[in-house]
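The values are calculated or read from the model by the stated rules, or taken from the named source; none is laboratory data. Only a predicted model underlies this, so the values are computations on that prediction, with no experimental measurement involved. In this analysis, Cβ positions are derived from the backbone assuming ideal geometry, glycine residues included, and neighbour counts consider all displayed protein chains. Quick note on the areas: whole protein, heavy atoms, side chains included, nothing else; ligands and nucleic acids left out. Shrake-Rupley method; radii C 1.70, N 1.55, O 1.52, S 1.80 Å.
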Amino acid sequence: INATGGVRGADGTFFQLELIIQPVSDGITIADAVNQLSQSNVIAILGPETSNEVLNNLQTLQSLSLPVITPATGDTILASDTTGRIFRSRAAEVIQGRALADYLITDLQIQSIAAVQLDVDINTAASLIGFSTAASALGRAPQPVLQAQSNDNFPQIVNQIVLTNSEIVVAYGAATNASEFYNRLRAGGWEGFFAYNQA
């Protein structure tokens with residue numbers, strides 16, 4: 001954008017853009033980051049990344065009175081925002097779930113689906129429910145639908161999936177859990193397709 005002249009303001013003046021990065025780590029909270037950004041005269045915020053980060057810090061983000069563009073996909077993010085300044089840069093989980101169900105059932109003609117929630121996070125549960133509802137509406141309700149309370153449950157869940165011999169496993173949860181679960185499925189001899197929303 002800057003190489004082509006920048007952004008033209010309402011009065012015709014061209015402005016160059018500058019990216020100010022404020023990481024949230026090593027004891028720096030989102031509130032600290034927002035405070036730093038507010039002192040930097042920014043015109044928009046990119047982030048936070050996860051639905052929990054957005055929802056847990058919504059008032060802090062709204063206090064900036066700036067557009068907040070987030071890749072978080074939680075279905076309740078926009079409904080929770082009363083300012084109209086929170087924008088998603090990716091489709092909501094419910095839309096992604098419908099698209100995945102349609103692709104698997106309509107395009108690939110998958111007959112048997114296992115759905116797995118790899119942790120106890122409420123957003124993970126909402127994602128799995130959205131997908132399961134969409135698949136059921138297309139006549140292919142996932143069976144079995146399983147939830148791991150912890151990674152210690154993975155061996156039992158793998159055994160169930162191997163026994164049911166589902167064509168595909170649709171998994172939701174943290175990436176580290178998905179990786180471990182996938183490897184356990186393959187080591188257990190399961191040879192089907194694997195779908196994961198954060199691959």
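Computed over protein heavy atoms with a 1.4 angstrom probe, the accessible surface ordering of E18, E93, E49, largest first, is E18, E49, E93. Restricting the GluC sites (Glu not before Pro) of the range 141-199 to loop positions (DSSP other than H, G, I, E, B) with no more than 11 neighbouring Cβ atoms within 10 Å leaves E191. Kindly provide log₁₀ I(q)/I(0) values, in the same order as q = 0.11, 0.21 Å⁻¹, from the Debye equation applied to equal alpha-carbon scatterers of the range 31-140. Listed by q, the Debye log ratios stand at -0.44, -1.04. Accessible surface ranking for L163, L146, L100, 1.4 angstrom probe, highest first: L163, L100, L146.
What shape does the range 94-168 take by its C-alpha gyration tensor, where a ≥ b ≥ c are the square roots of the eigenvalues and a/c under 1.5 counts as rounded, a/b above b/c as prolate, and the rest as oblate? Here the range 94-168 falls in the oblate category. As a length-normalised measure over Cα pairs under 8 Å and 6 or more apart, the relative contact order of the range 111-199 settles at 37 percent.
Helical content alone sets the calculated 222 nm signal of the chain at -10500 deg cm²/dmol, taking -39,500 (n - 2.57) per DSSP H segment of four or more residues and averaging over every residue. Compactness of the chain was expressed as the Cα radius of gyration divided by 2.2 N^0.38 Å, which yields 1.27. Rounded to the nearest 5, the antiparallel percentage of DSSP beta bridges internal to the chain is 10%. Loop-located trypsin sites (Lys or Arg not before Pro) in the range 1-102 (DSSP state other than H, G, I, E, B) with a sparse environment of at most 15 neighbouring Cβ atoms within 10 Å: R90. Around N123, with a cut-off of 15 angstrom between Cβ atoms, what is the net charge of the other residues, counting Lys and Arg +1 and Asp and Glu -1? Overall, the nearby charge balance is -4.
Pairing the Cα long axis of helix 175-187 with the longest principal axis of the chain, what angle in degrees results, from 0 to 90 and rounded to the nearest 10? That works out to roughly 20 degrees.
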